[in-house]
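Q: First the structure, which I've put down as structure tokens, then a few questions once you've had a look.
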């Protein structure tokens, strides 16, 4: 399976690692560690050296209860990082944003993928991505980052997530975004309780049956803390288990903080598969 994204075509016959680069002061795990351009660029280069196949750059935290960031602040955080990395690394650069204005500017700066927690539902987002050659990740989220974990409810979480993703696929293709440019994300932790997250992981093949590459982001998330009792800085082993399970069940890309450990674990997965 190929994923066409900007300057790149990725062969997803083996699982790929997307390294997280948070240019934010308040992300749930590493907020503030890489909040300057210099620190973020250095961290991103290190992630590539550790085995990252993709870099995901974000300037606004979408953790539960996060405070929204202004357009100007988000642009100032991410654009210099994308511009520098476009010249210094040879992997696709993903912009983690739901704001169409950020998408447009990031694409112009060198982004190859738009990773959108709102699945291109904001006005003009579909048109901006369709007019480019970038790849896109469409994610499911119930509610908003401010409200999503208050009391999420589903009759059948797998069916409902699949239905939403199918509807966004149809919207993306109607807007002119080729199928080879699309990946899907079930949105672990985005408006889901532990039971919902586990059900989605167990039944990932149902979502894989939609026929598009799946991106899974479980790294260090609270669901792993609820299972293990460990705080956010002590969830490496649980995160590795989640990435291995996800890829064995069909995920094509895993979005992680701990790139080296995950890349090594997925080499074993690739050998077994």
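Q: For residues in the stretch 45-77 being touching a helix residue (DSSP H, G or I) at 6+ places or on another chain (Cβ under 6 Å) and crowded, with 22+ Cβ neighbours inside 10 Å, which is farthest from residue 254 (Cα to Cα)?
A: Ranking the qualifying residues of the stretch 45-77, first place goes to 74.
Q: For the stretch 224-238, how many residues are crowded, with 22+ Cβ neighbours inside 10 Å and either part of a helix (DSSP H, G or I) or in contact with a strand residue (DSSP E or B) (Cβ under 7 Å, 6 or more places away or on another chain) (or both)? Even if it seems obvious, please write down each step before you answer.
A: Step one: filter the stretch 224-238 for residues crowded, with 22+ Cβ neighbours inside 10 Å, giving 224, 235.
In the following step, the residues that additionally are either part of a helix (DSSP H, G or I) or in contact with a strand residue (DSSP E or B) (Cβ under 7 Å, 6 or more places away or on another chain) (or both) were identified as 224.
Number satisfying all stated conditions: 1.
Q: Just a yes or no: is a residue in the stretch 182-190 more than 16 Å from the chain's Cα centre (by Cα) and either at pLDDT below 95 or not in a strand (DSSP E or B) (or both)? Quick ask: steps written out before the conclusion?
A: As a first pass, look at the stretch 182-190 and keep what is more than 16 Å from the chain's Cα centre (by Cα): none.
No, the stretch 182-190 contains no residue that is more than 16 Å from the chain's Cα centre (by Cα) and either at pLDDT below 95 or not in a strand (DSSP E or B) (or both).
Q: Among strands (runs of 3 or more DSSP E) lying entirely in the stretch 90-158, which contain 3 or more residues that are more than 20 Å from residue 73 (Cβ to Cβ) and in contact with a helix residue (DSSP H, G or I) (Cβ under 6 Å, 6 or more places away or on another chain)?
A: Working: elements: 93-96, 113-116, 135-139.
Fully inside the stretch 90-158 and qualifying: 135-139.
Q: Is it fair to say residue 119 is in contact with a strand residue (DSSP E or B) (Cβ under 9 Å, 6 or more places away or on another chain) and at pLDDT 95 or above?
A: Numbers: in contact with a strand residue (DSSP E or B) (Cβ under 9 Å, 6 or more places away or on another chain): yes; at pLDDT 95 or above: yes.
Yes; evaluated as a whole, the condition is true for this residue.
Q: Among the candidates 118, 104, single out the residue that is free of Cβ contacts under 8 Å to residues at least 40 places away in the same chain and within 14 Å of residue 183 (Cα to Cα).
A: It is 118.
Q: Follow-up question, since we're still on this one. Given the criteria modelled with pLDDT of 95 or more, in a helix (DSSP H, G or I) and either on the phi < 0 side of the Ramachandran plot or touching a strand residue (DSSP E or B) at 6+ places or on another chain (Cβ under 8 Å) (or both), does residue 245 qualify?
A: Values: modelled with pLDDT of 95 or more: yes; in a helix (DSSP H, G or I): yes; either on the phi < 0 side of the Ramachandran plot or touching a strand residue (DSSP E or B) at 6+ places or on another chain (Cβ under 8 Å) (or both): yes.
So residue 245 passes the test.
Q: Can you find a residue in the stretch 69-80 that is at pLDDT 95 or above, in contact with a strand residue (DSSP E or B) (Cβ under 9 Å, 6 or more places away or on another chain), more than 30 Å from residue 199 (Cα to Cα) and assigned to a loop (DSSP other than H, G, I, E, B)?
A: Looking for residues that are at pLDDT 95 or above, in contact with a strand residue (DSSP E or B) (Cβ under 9 Å, 6 or more places away or on another chain), more than 30 Å from residue 199 (Cα to Cα) and assigned to a loop (DSSP other than H, G, I, E, B), one finds none in the stretch 69-80, hence no.
Q: Now a separate question. Being without any contact (Cβ under 8 Å) to a residue 24 or more places away in the chain and loosely packed, with under 12 Cβ neighbours inside 10 Å is the filter; apply it to the stretch 164-181 and report the residue that is farthest from residue 130 (Cα to Cα).
A: Looking only at the stretch 164-181, we keep the residues that are without any contact (Cβ under 8 Å) to a residue 24 or more places away in the chain, and these are 167, 170, 173-174.
Narrowing the set further to residues that are loosely packed, with under 12 Cβ neighbours inside 10 Å leaves 170, 174.
On the way: 170: 13, 174: 10 Å.
So the residue we want is 170.
Q: Give me the residue from the stretch 250-268 that is surrounded by 17 or more Cβ atoms within 10 Å (Cβ to Cβ) and out of contact with any strand residue (DSSP E or B) (no Cβ under 7 Å at 6 or more places or on another chain) and, out of that set, nearest to residue 203 (Cα to Cα).
A: Among residues in the stretch 250-268 that are surrounded by 17 or more Cβ atoms within 10 Å (Cβ to Cβ) and out of contact with any strand residue (DSSP E or B) (no Cβ under 7 Å at 6 or more places or on another chain), the one nearest to residue 203 (Cα to Cα) is 265.
Q: Is there any pair linking a residue in the stretch 30-47 that is under 9 Å from residue 81 (Cα atoms) to one that is outside any helix (DSSP H, G or I) and at pLDDT below 90, with Cβ under 6 Å and at least six apart or on different chains, and which?
A: Hits for this filter: 40/34.
Q: Being surrounded by fewer than 18 Cβ atoms within 10 Å (Cβ to Cβ) and more than 23 Å from residue 46 (Cβ to Cβ) narrows it down to one residue among 125, 131; which is it? Can you show your working first?
A: Values: 125 fails: surrounded by fewer than 18 Cβ atoms within 10 Å (Cβ to Cβ).
The match here is 131.
Q: Can you work out which of the residues in the stretch 190-201 that are free of Cβ contacts under 8 Å to residues at least 40 places away in the same chain and in contact with a helix residue (DSSP H, G or I) (Cβ under 6 Å, 6 or more places away or on another chain) is farthest from residue 213 (Cα to Cα)? Write out each step before concluding.
A: First, the residues of the stretch 190-201 that are free of Cβ contacts under 8 Å to residues at least 40 places away in the same chain: 194-195, 197-198.
In the following step, the residues that additionally are in contact with a helix residue (DSSP H, G or I) (Cβ under 6 Å, 6 or more places away or on another chain) were identified as 194, 197.
Working: 194: 24, 197: 19 Å.
It comes out as 194.
The values are calculated or read from the model by the stated rules, or taken from the named source; none is laboratory data. All figures in this text were calculated on a predicted structure; none of them were measured in a lab. Backbone-built Cβ (ideal geometry, glycine too); neighbour counts: all protein chains shown.
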